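Q: Can you keep this structure in mind? I'll have questions shortly.
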Amino acid sequence: MLLGMDEYPYHQFTNTFAAVAGSDPQWNDGHYVTLCDAEGLVCLTSNVRLYQNNDVLDGFVCVRHDGQQYNVRLSRRLRPNMDHLGVGPLRIEVVEPMHTMRMVLDDNDVLGDQGISLDVMCRTTAGPHLNPIEVSRIDGRLISERATYAVTGECSGWVSIGGRRIELTAASFFRNHSWGHQPGRGGPRAGAPSGGSQRLPGVRQWVLFRMPDHGGYYFTDPRPRAASDKGAILVGARSIAVRSVTHDLQFYDGGRRLRSGTFELIDETGESRPYSVEDLGWVYCQGGGYFGGFNDGLGQGVYRGDSHQEGEVWDVSHPTRIVDAAGRVFEFEHAWAESFVRVRSGAALGLGHFECVVIS
């Protein structure tokens, strides 16, 4: 099938943009958008992602407000409407590539009278930063192969929660666009289980932040990965490589959720840049369908019919325990959540998306 994109001379193999060069059901391509405001009234994560080989497009919006997390998960058949980057009431619009993106969640009945909706415009102030393409193999078997670029900037618009409209002021967005093969998406991986573990104990961090005159990014992982302890200082269109990362983090009781801390980045010119952070709130990734987070337990990228929607509201005011609408108290086996932080450097004040996962 032909898409509007096929008018452009950018094809990479002898097929249309409706196809990808391979049959792996875990191949996916999409945008991950997060944002917060300076007061921590709203912390938000969202995703719109295509699984071309599964003929699925799914997406989610998870909003944290006043200690509650509101989750909306959506899925649809991808074809024939591949040109539309949306599913049900959720859509993203690339207004100006690499510069301006609009994200909309129209009024919907997924959560009843606790429903969420939004209309947000994201404008880039620093970046984009293209990370090295990472390839992961265990015993020679390809586990993942992904390309990612990161963008940060200012955002404006509103988020509505249970009929209460919150105008976004002094707010920043943090997003990445990634594509490739990735385990944990597109349904269970076929074949024998992979030998060996990909996880080592320690603290994994994926941090993207925005200050008044620059942005920044860094990544650390307990595993000996090529990208670990590296990043970039983003000043306008410039990307200044970070060669060293040090950090000192404090956690709430339970040792999973970030409370405060400091980090220092030394860039390729030798300049040291110290920052401190304080917690604004966290959003559990499972609310968006990660780790088998859909109701059927199959996770993201799985066909659930031509149109599907689901969601729930959690009390996430405690640093480790979640309480659902029925009053059931539980903790996830994994520690994965996205933290949002206020960032300080000298007298300058900014915001950051601080993915901080304690792996034990």
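The values are calculated or read from the model by the stated rules, or taken from the named source; none is laboratory data. Keep in mind that what you see is a predicted model, and the values were worked out from it rather than measured. Here the Cβ positions follow ideal geometry from the backbone for every residue, glycine too, while neighbour counts run over all protein chains shown. Side chains included, ligands, DNA and RNA excluded: accessible areas come from the protein's heavy atoms. Shrake-Rupley method; radii C 1.70, N 1.55, O 1.52, S 1.80 Å.
Q: Can you pull the percent of the chain's accessible area that's carbon plus sulfur, 1.4 Å probe, other chains left in place?
A: So the carbon and sulfur contribution to the accessible surface is 51 percent.
Q: With the Cα gyration tensor of the stretch 240-327 giving a ≥ b ≥ c as the square roots of its eigenvalues, does the rule (a/c under 1.5 for rounded; else a/b larger than b/c for prolate; else oblate) give rounded, prolate or oblate?
A: Because a/c hits 1.5 or more and a/b fails to exceed b/c, the stretch 240-327 counts as oblate.
Q: Relative contact order, percent, of the chain when contacts are C-alpha pairs under 8 Å separated by at least 6 residues?
A: Result for the chain is 18 percent.
Q: Under 1.5 on a/c is rounded, so check that first for the chain, then, if it is not, pick prolate when a/b is larger than b/c and oblate when it is not; a ≥ b ≥ c are the square roots of the alpha carbon gyration tensor eigenvalues.
A: Rounded, because the longest to shortest axis ratio a/c is under 1.5.
Q: Which residue, Gly187, Gly346, Gly289, has the most motion in a Gaussian network model of the chain that connects Cα atoms within less than 10 Å?
A: Highest fluctuation of the listed residues: Gly346.
Q: Related question: Could you work out which residue, out of Gly202, Gly236, Gly191, moves most in a Gaussian network model of the chain, that is, has the largest mean-square fluctuation with Cα springs under 10 Å?
A: Gly191
Q: Just Ala171, Ala227, Ala348 to compare: in a GNM of the chain, with alpha carbon springs under 10 Å, which one fluctuates most?
A: Largest GNM mean-square fluctuation: Ala348.
Q: Please identify which residues in the stretch 65-81 have an amide N closer than 18 Å to a label point set 7 Å out from the Cα of Leu3, following the Cα→Cβ vector.
A: Once the point is set 7 Å along Cα→Cβ of Leu3, 75-81 turn out to lie under 18 Å by backbone N, inside the stretch 65-81.
Q: Moving to a separate point now. Taking 0.36 nm per residue of sequence separation and subtracting the Cα-Cα distance, how much length would be gained by fully extending the chain between Ala18 and Ala237, in nm to one decimal?
A: Net length gain for the segment: 75.7 nm.
Q: Measure out, as a whole number of angstrom, how far apart the alpha-carbon centroids of the stretch 99-163 and the stretch 1-69 sit.
A: 8 Å
Q: Pulled fully out, how much extra length does the chain show between Trp158 and His334, if you take 0.36 nm times their separation in residues and subtract their Cα-Cα distance? Could you put the intermediate results ahead of the total?
A: Working: separation 176, 0.36 × 176 = 63.36 nm, distance 3.15 nm.
Gain on extension, Trp158 to His334, equals 60.2 nm.
Q: Another question about this same structure. Considering only protein heavy atoms, what per residue accessible area in square angstrom results for the chain with a 1.4 angstrom probe?
A: 44 Å²
Q: Related question: Taking 7 Å along the Cα-to-C-beta vector as the label spot, tell me the Ser228-Asn81 distance in nanometres, rounded to one decimal.
A: In this crude label model, Ser228 to Asn81 measures out at 4.4 nm.
Q: Could you order Glu268, Glu333, Glu39 by accessible surface area, starting with the largest, using a probe radius of 1.4 Å?
A: Values: Glu268 100, Glu333 180, Glu39 135 Å².
Descending accessible area places them as Glu333, Glu39, Glu268.
Q: Taking 0.36 nm per residue of sequence separation and subtracting the Cα-Cα distance, how much length would be gained by fully extending the chain between Asp66 and Ser272, in nm to one decimal?
A: Contour length minus Cα-Cα distance gives 70.5 nm.
Q: Distance between the C-alpha centers of the stretch 280-323 and the stretch 217-273? Whole Å please.
A: 28 Å
Q: With a sphere of radius 12 Å drawn around the Cβ of Thr152, what net charge do the other residues whose Cβ falls strictly inside it have (Lys, Arg +1; Asp, Glu -1)?
A: +2
Q: For the stretch 111-233, what does the alpha-carbon gyration tensor say about shape, rounded, prolate or oblate, given a ≥ b ≥ c as the root eigenvalues, a/c under 1.5 as rounded, and a/b over b/c as prolate?
A: The shape class here is oblate.
Q: Thr169: accessible area at probe 1.4 Å, nearest 10 Å²?
A: Approximately 100 Å² for this residue.
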